[in-house]
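Peer 1: Take this structure, written in structure tokens, and hold onto it; I'll ask about it next.
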Amino acid sequence: THAGPQGQMSFQDYLYLGMYYCMNNAAAAAQLMEHLHASLPQARRLSSKLIFAKGALFPFTTISGEECGSYFLNSTARFHVNADLGYVVSMFLETDNHSKELQLRCLELLLETARVWLHLGQWQDGHTVFTIDDVSGPDAYNGLESSNFYTNLSARRHMLNAHENYVTMLGAFRADTE
């Protein structure tokens, strides 16, 4: 990966490089998954700093795994980073066969990052609509928004991917033990 203007990484680095690696370099993609999994303790700490009881929140900008952005709307309020990482992890799991250990680490990443949405969103219209309000999307020029389309759509895909991968892996692991 490359370093940003002040030696930092941003979520775009993980998103774009992760997609590239998944399609072109399986070994690099696996290393990225291992790196993200190794960063889970810091992501869990960031989540708990923001009063989320469970889950992991990956930083928008980081040098050492900790959020280093100085402006709230361009750092901590950008929850879509979790969905972007969830997309890359799901994409990785769709590629070549991986060890069960790596699959489980990737599943842990998916589940932990998806848990944050349950703290951020709320059900409306008799539990038929789940919306996430007052978050920043990938548009760096606008602040907190209600029902940011990108964030809501990404969160939906993230939660569905986490659930589908959980069900698929649970079935595969049960079949292996029978």
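The values are calculated or read from the model by the stated rules, or taken from the named source; none is laboratory data. Please read these numbers as outputs of a predicted model, since none were measured by experiment. Glycine gets a Cβ as well: all are built from the backbone with ideal geometry, and neighbour counts include every protein chain shown. When the accessible area is computed, the model is the full protein with side chains, heavy atoms only, and any ligands, DNA or RNA have been set aside. Shrake-Rupley method; radii C 1.70, N 1.55, O 1.52, S 1.80 Å.
Peer 1: In the full protein assembly as shown, how much of Cys22 is accessible to a 1.4 Å probe, in Å² to the nearest 10?
Peer 2: 20 Å²
Peer 1: Sticking with this one: Quick one: what are the phi-derived ³J(HN,Hα) couplings along the stretch 94-110, Karplus 6.51/-1.76/1.60 with θ = phi - 60°, whole Hz, x for glycine and proline?
Peer 2: 7, 7, 3, 5, 10, 4, 4, 5, 5, 4, 5, 5, 5, 4, 4, 4, 4
Peer 1: Round to the nearest 0.05 the FRET efficiency obtained for Thr128 and Glu164 when R0 = 35 Å and r is the Cβ-Cβ distance.
Peer 2: Efficiency computed from Cβ-Cβ geometry: 0.95.
Peer 1: While we're on this one: Determine, for each peptide in 82-93, 48-59, the mean count of other beta carbons within 10 angstrom over its residues, then list the peptides with the highest first.
Peer 2: Working: 82-93: 23.4, 48-59: 17.6.
Put in order of decreasing packing, that is 82-93, 48-59.
Peer 1: Find how much the distance from Ile51 to Arg174 grows on full extension, using 0.36 nm per residue of separation minus their present alpha carbon separation; answer in nm with one decimal.
Peer 2: Going from the current span to full extension adds 40.8 nm.
Peer 1: What FRET efficiency, computed as 1/(1 + (r/R0)^6) with R0 = 35 Å and r the Cβ-Cβ distance, is obtained for Leu153 and Ala28, rounded to the nearest 0.05? Don't skip to the answer; put the middle values down first.
Peer 2: On the way: r = 28 Å, r/R0 = 0.79.
Computed FRET efficiency for Leu153 and Ala28 comes out at 0.80.
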